[in-house]
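The values are calculated or read from the model by the stated rules, or taken from the named source; none is laboratory data. Just so you know, these numbers come straight off a predicted model, no measurement behind them. Cβ sites come from the backbone with ideal geometry, for glycine too, and all protein chains shown count toward neighbours. These accessible areas exclude ligands, DNA and RNA; they are computed on the full protein's heavy atoms, side chains included. Shrake-Rupley method; radii C 1.70, N 1.55, O 1.52, S 1.80 Å.
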Amino acid sequence: MSGAKKRKYSDEYIKYGFTVIERNGFHLPQCVICHTVLSNDALIPGRLERHLSTNHKALKENPKELFTAILHELNRMKLDSSSVFHQETWKLVEASYELSLLIAKAKKPHSVGETLVKPCLLSAANTVLGEESQRKLSKISLSDNTVKRRIDELSEDIKEQVLDKIKASRFFAIQCDESTDVAHLCQLLVYSRFVDEGTVKEEILFSAALETTAKAIDVFSKVDEFFQEHGLSWEKLVGVCTDGAPSMIGSRSGFVKLVKEKNPAVTGTHCVIHRQSLASKTLPSNLRSSLNLAIKVVNFVKNSSLNSRLFAALCSDLGTDYKTLLFHTEVRWLSKGNMLSRLYELKDEVEIFLQKQKQDKLYEAFREEDFQLSYLVDFFEAINNLNLKLQGRNTNIIAHSDVIRAFTEKIHLWKRKVQVGNFSSFSHLNELLSEKRNIEQYDVTKEVLSHLHSLAEEFMHYFPDVSMENSLWTLVQNPFNTDVELLLESLQEEAIDLKCDSSAKRDFETMKLEEFWVKYLPIYPKVGEEALRVILPFSSTYLCEAGFSALVVLKTKQRNRLDVENDLRCALSSFNPRISDLVRKKQQHPSH
């Protein structure tokens, strides 16, 4: 170009959408829309206008002021010697983070960004908005590795937020559990509960793989290592909730015992849902036999693909609401009750099917189980309802104890009613007894009473303190209706002050229990601290169990080498990552 004519840029050329850059002493026109750099020869109005008309037809009739405004934004960004943006618009990076977060929350593979999400975006943009919009969206980075990095950074930001909140909280509590994933790794999951912004919040703290054994010392080492690495104080820990396995609550070397060596004031809790499940397993031998027979019948129908299709066809011909039976699994709390309920719903169809399949012995045995099956359906329906009341977030030991106490009272009520021949509490059994008079009611009464008696004993064994009066719990539940003299002397005077505080009483009537105690902790520190030590600890490992359900979706046979912690945190956390802060730190690289 040394011998060529040097054309000069004119400020009037901005009306065609062009600014100028200088390279080797030559003025080169650059489009402010697509950032294309033309040669010095193109620095004439006709060539510049042709570029605008051809590539940005929709902008051709726009006034000069529009391109001036675009140029102003352009000048705010740094250009390198090649006129390529050192950092493209932050909105593309922000979009990359937002889409990566959605991928994580949907528990999808990282590659879905490049193989599905981005092609869908480009196709929709081209159809609805045109090629120019498609070109802009094509710069969003969504490659497999990029999505992985984004998720790692989002997870790290969420973890920082949670740790900051825990450190600022007066107290915090944890729940932990472990489960084996598809790659046969033992995954430890830990949730935290802490005070933040006037209320109690629950968040995933961390997950980690236990490389070898899952003994108490292994679990404790992981938790202690995390606490030390991130500066969490054992002294602020008030509660630990576990699943009740010997490795967790063993009196000599259990996890809770090791935690108490760090902080003796920690309250150890055996998950109420696991205790309820254990208490409900006790069945008399005849009812256990009936349950095993029901499982055998379901397995016969479900274990064979042919039998499943034939049974579905039979149900379709008979016009039933359902066409399949349900398997049950011991580790799923509600499955046994759901399995029995569906089997009872399709009992007539099952009997017909067993006859057609010439399963005479199984048919006769199943046909004779009317009473036992109907009672089991009613019993497990009650157990499922109890289990559902114990599930969920943001609960505490007092609320769970109330639910258990109510259920034990119901057991005693059922016993009293059954003793006088009243089976109204068991709808399916009561309906069967009214239809089939040939069933010996004395035997039915005897068997039901025997089971209810053993059930009541099991609940008293696993929940020994449920019927005991606890003056501190009474104070926490209603500080304005408690006998102050039953409290510790160190709390009595402050409890009286609170009891006579009319403003606090008005707040108590309108606020949630935990919000009330958080608000009045600075005013009544002794009473407030004892109240938080009661309501802050977890009473179940429900969040961990829900987390393991997410783990099953995330870590599959196709993704069995995935380190799940960051994906799991993004999928389960209610905290919003600070994407704008991450964008400011990040230099964008277009997807490839």
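Please report, in debye to the nearest 20, how large the charge dipole of the stretch 196-285 is about its Cα centre when each Lys and Arg carries +1 at its beta carbon and each Asp and Glu carries -1 there. Kindly include the intermediate steps, with their values, before the conclusion.
On the way: 10 positive and 12 negative charges, 121 e Å.
Dipole of the stretch 196-285, to the nearest 20 debye: 580 debye.
If you take the alpha carbon radius of gyration of the stretch 440-526 and divide it by 2.2 N^0.38 Å, what ratio comes out, to two decimals? The partial results should precede the final answer.
Details: Rg = 20.6 Å, N = 87, 2.2 N^0.38 = 12.0 Å.
It is 1.72.
Given the pairs LYS64/LYS91; LYS91/LYS236; LYS361/LYS436; LYS260/LYS555; LYS358/LYS415, which are separated by over 31 angstrom at their Cα positions?
LYS91/LYS236; LYS260/LYS555; LYS358/LYS415
If you place +1 on the Cβ of every Lys and Arg and -1 on the Cβ of every Asp and Glu, how big does the dipole about the Cα centre of the chain come out, in debye to the nearest 20? Spell out each step's value before the answer.
On the way: 78 positive and 80 negative charges, 532 e Å.
Here the chain has a charge dipole of around 2560 debye.
For the stretch 230-321, what does the accessible surface come to per residue with a 1.4 Å probe? Please give it in Å². Can you show the working numbers first?
Details: 4150 Å² over 92 residues.
It amounts to 45 Å² per residue over the stretch 230-321.
I'd like the carbon and sulfur percentage of the solvent accessible area for the stretch 445-561, probe radius 1.4 Å, heavy atoms only, ligands and nucleic acids excluded.
Numbers: 3090 of 6190 Å².
Result for the stretch 445-561: 50 percent of the exposed heavy-atom area is carbon or sulfur.
So how do 420-431, 496-507 stack up, highest first, on mean other-Cβ count within 10 Å? Present the calculation step by step, with values, prior to reporting the outcome.
Details: 420-431: 15.6, 496-507: 14.1.
Going by the mean number of other Cβ atoms within 10 Å, highest first, we get 420-431, 496-507.
List the pairs from LYS215/LYS262; LYS60/LYS136; LYS57/LYS139; LYS257/LYS336; LYS136/LYS557 whose alpha-carbon separation is above 26 Å, in the order I gave them.
Values: LYS215/LYS262 18 Å; LYS60/LYS136 19 Å; LYS57/LYS139 21 Å; LYS257/LYS336 34 Å; LYS136/LYS557 36 Å.
Pairs exceeding 26 Å: LYS257/LYS336; LYS136/LYS557.
Over all pairs of distinct alpha carbons, what does the Kirkwood formula give as the hydrodynamic radius of the stretch 134-253, in Å? Before the final figure, lay out the partial values.
Values: mean 1/r = 0.0606 Å⁻¹.
Over the stretch 134-253, the inverse of the mean reciprocal pair distance is 16.5 Å.
Give the whole-number value, in cubic angstrom per residue, of the convex hull volume spanned by the C-alpha atoms of the chain. Walk me through the numbers before you get to the answer.
Working: hull volume 150.0 nm³, N = 592.
It comes to 253 Å³ per residue, whole-number rounded.
Considering only protein heavy atoms and a 1.4 Å probe, what is the carbon-and-sulfur percentage of the accessible area of the stretch 302-401? Walk me through the intermediate numbers first.
Numbers: 2350 of 5160 Å².
That share works out to 45 percent.
Positive end of the charge dipole of the stretch 338-462 (Lys, Arg +1 and Asp, Glu -1 on Cβ, about the Cα centre): tell me which of ILE383, VAL350, ALA406 has its Cα farthest that way.
ALA406
Round to a whole number: what % of the accessible area of the stretch 141-213 belongs to carbon and sulfur, probe 1.4 Å? Numbers along the way, then the final one.
Details: 1140 of 2480 Å².
With neighbouring chains kept in place, the figure for the stretch 141-213 is 46 percent.
Which of the peptides 450-457, 376-383, 318-325 is most tightly packed, and how do the rest follow, judged by the mean count of other Cβ atoms within 10 Å per residue? Intermediate values should be presented prior to the final figure.
Numbers: 450-457: 16.2, 376-383: 22.0, 318-325: 13.0.
Those peptides, ordered most packed to least, come out 376-383, 450-457, 318-325.
Which log10 I(q)/I(0) values does the stretch 507-592 give at q = 0.23, 0.25 Å⁻¹ under the Debye formula, counting every alpha carbon as one identical point scatterer?
-1.08, -1.13
Which listed residue (CYS271, THR19, PRO525) has the Cα farthest towards the positive end of the charge dipole for the chain, taking +1 on Lys and Arg C-beta and -1 on Asp and Glu C-beta about the Cα centre?
Working it through, the farthest residue towards the positive pole turns out to be THR19.
Listed highest first by mean packing, meaning other Cβ atoms within 10 Å per residue, what order do 235-245, 298-308 come in? Mind dumping the intermediate values first?
Numbers: 235-245: 21.2, 298-308: 14.4.
In descending order of packing, they fall as 235-245, 298-308.
Could you tell me the distance between the Cα centroids of the stretch 181-231 and the stretch 412-435, to the nearest Å?
The distance from the Cα centre of the stretch 181-231 to that of the stretch 412-435 comes to 47 Å.
Once you place label points 7 Å from the Cα toward the Cβ at ALA406 and LYS167, how far apart are they in nm?
Inter-label distance under the simple model: 4.2 nm.
Between SER10 and ASN145, what is 0.36 nm times their sequence separation minus the Cα-Cα distance? Round to one decimal in nm. All intermediate terms of the calculation are to be shown ahead of the outcome.
Working: separation 135, 0.36 × 135 = 48.60 nm, distance 4.47 nm.
So the extension gain works out to 44.1 nm.
Mind checking which of ILE151, ALA504, HIS72 is farthest towards the positive end of the chain's charge dipole, using Cβ charges of +1 (Lys, Arg) and -1 (Asp, Glu) about the Cα centre?
It is HIS72.
If one takes the longest principal axis of the Cα atoms in the chain, at what angle in degrees, from 0 to 90 and to the nearest 10, does the Cα axis of helix 525-535 lie?
Here the helix axis deviates by roughly 80 degrees.
I'd like to check one number: the per residue accessible area of the stretch 414-568, probe 1.4 Å, reported in Å² as a whole number. Intermediate values should be presented prior to the final figure.
On the way: 8460 Å² over 155 residues.
That works out to 55 Å² per residue.
Where the only charges are on Cβ atoms (+1 Lys, Arg; -1 Asp, Glu), what is the dipole of the stretch 164-314 about its Cα centre, to the nearest 20 debye? Please report the intermediate quantities before stating the final value.
Working: 18 positive and 16 negative charges, 172 e Å.
For this selection, approximately 820 debye.
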